[in-house]
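Got a structure for you, questions after.
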Amino acid sequence: MNVSELMTAPPVCVTPDVSLAEATRCMTEYAVGSVLVTEDGVLRGIVTDRDLALRGLGGGLQPTARVDTVMSAKAVTVEADDDLQAAYRAFRRSGVRRLPVLDAGRVVGVLTIDDLLLDVFRRLADLLGPVSWSVLQEPPGPPAQPRSRYGP
């Protein structure tokens, strides 16, 4: 399976000159924990809700400060046609929770740890569905033994 099959697309993007307040509004409006900072479709960085809280307003910046002052410019990325194993390796090596997805250098999506977890849960449900159905059909516990009136 390729990254493009699980990624969220299109990604939520802002330009480097957007204010911290506007980036926060975008995250709220689209219910995401990060925005990609792009110029003409080219990735310049990523800003997470944590970046805004710790380096932005929590770091003493004004809501009008530019988003490029708190973004992580060296974002770890994956390619849209990469196998999911490449994404797993990138997550393990970097410790990040979100990976911008590129196609020929252009931003096309975002892959998150949550996307991978949901895929794992779906696969487990597919695998365990028939097994759990058969378990539900069986009566609980061992088969009942007939009781004697004269002892165990």
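How high is the relative contact order of the chain, given as a whole-number percent (alpha carbon pairs under 8 Å, six or more residues apart)? All intermediate terms of the calculation are to be shown ahead of the outcome.
Numbers: 211 pairs, mean separation 38.5, N = 152.
Relative contact order here is 25 percent.
What is the angle, in °, between the Cα long axis of helix 84-94 and the longest principal axis of the Cα atoms in the chain? Nearest 10 is fine, range 0 to 90.
The answer is roughly 70 degrees.
Taking the Cα centre of the range 21-110 as origin and charging only Cβ (+1 Lys, Arg; -1 Asp, Glu), how large is the dipole, in debye to the nearest 20?
460 debye
Further question: Only one of the listed values, (1) 48, 20, 12; (2) 30, 21, 15; (3) 33, 20, 12, was derived from the coordinates as semi-axes √(5λ) of the Cα gyration tensor in Å; which label is it?
Given (1) 48, 20, 12; (2) 30, 21, 15; (3) 33, 20, 12, the structure-derived one carries the label (1).
Among DSSP beta bridges lying fully in the chain, give the percent that are antiparallel, nearest 5. Don't skip to the answer; put the middle values down first.
Working: 17 of 21 bridges.
Close to 80 percent.
Sticking with this structure for a sec: With every protein chain kept in the model, how would you rank C13, C26 by accessible area, 1.4 Å probe, largest at the top? Intermediate values should be presented prior to the final figure.
Values: C13 55, C26 20 Å².
These residues rank, largest area first, as C13, C26.
Still on this structure, please answer the following. Mind running the shape call on the range 36-109? Use the C-alpha gyration tensor, a ≥ b ≥ c as the square roots of the eigenvalues: rounded below 1.5 for a/c, prolate if a/b tops b/c, oblate otherwise. All intermediate terms of the calculation are to be shown ahead of the outcome.
Numbers: a/c = 3.79, a/b = 1.68, b/c = 2.25.
Since a/c reaches 1.5 but b/c is at least a/b, the shape of the range 36-109 is classed as oblate.
Additional query: When the Karplus curve 6.51 cos²θ - 1.76 cosθ + 1.60 is applied with θ = phi - 60°, which whole-Hz ³J(HN,Hα) does each residue of the range 47-62 get, with x for Gly and Pro?
Along the range 47-62, the couplings run 10, 9, 4, 5, 4, 5, 6, 8, 8, x, 5, x, x, x, 6, 7 Hz.
Still on this structure, please answer the following. Using Cα pairs under 8 angstrom and six or more residues apart, how large is the relative contact order of the range 5-47, in percent?
Details: 45 pairs, mean separation 15.8, N = 43.
Value for the range 5-47: 37 percent.
Residue by residue, what Karplus-based ³J(HN,Hα) values in Hz, rounded to whole numbers, does the range 24-34 have, using 6.51, -1.76 and 1.60 with θ = phi - 60° and x for Gly and Pro?
3J(HN,Hα) across the range 24-34, in whole Hz: 5, 4, 4, 4, 5, 4, 9, 6, 10, x, 7.
Per residue, how much accessible surface does the chain expose to a 1.4 Å probe? Answer in Å², no decimals. Before the final figure, lay out the partial values.
Values: 9980 Å² over 152 residues.
It amounts to 66 Å² per residue over the chain.
Turning to a different aspect of this structure: Run the simple label-point estimate for R93 and R123 please: 7 Å along Cα→C-beta, distance reported in nm.
2.0 nm
If one takes the longest principal axis of the Cα atoms in the chain, at what angle in degrees, from 0 to 90 and to the nearest 10, does the Cα axis of helix 113-137 lie?
Rounded to the nearest ten degrees, it is 10.
For the charge dipole of the chain, defined by +1 on Lys and Arg C-beta atoms and -1 on Asp and Glu C-beta atoms about the Cα centroid, which residue among A86, A125, G105 has the Cα displaced farthest towards the positive pole?
With unit charges placed on the Cβ atoms, the residue in question is A125.
The values are calculated or read from the model by the stated rules, or taken from the named source; none is laboratory data. Since the model is a prediction, treat every value here as computed from it, not as a measurement. Every residue, glycine as well, gets a Cβ built from its backbone with ideal geometry; the counts of neighbours run over all protein chains shown. The protein model used for the area step is the full one, side chains on, heavy atoms only, and it has no ligands, DNA or RNA in it. Shrake-Rupley method; radii C 1.70, N 1.55, O 1.52, S 1.80 Å.
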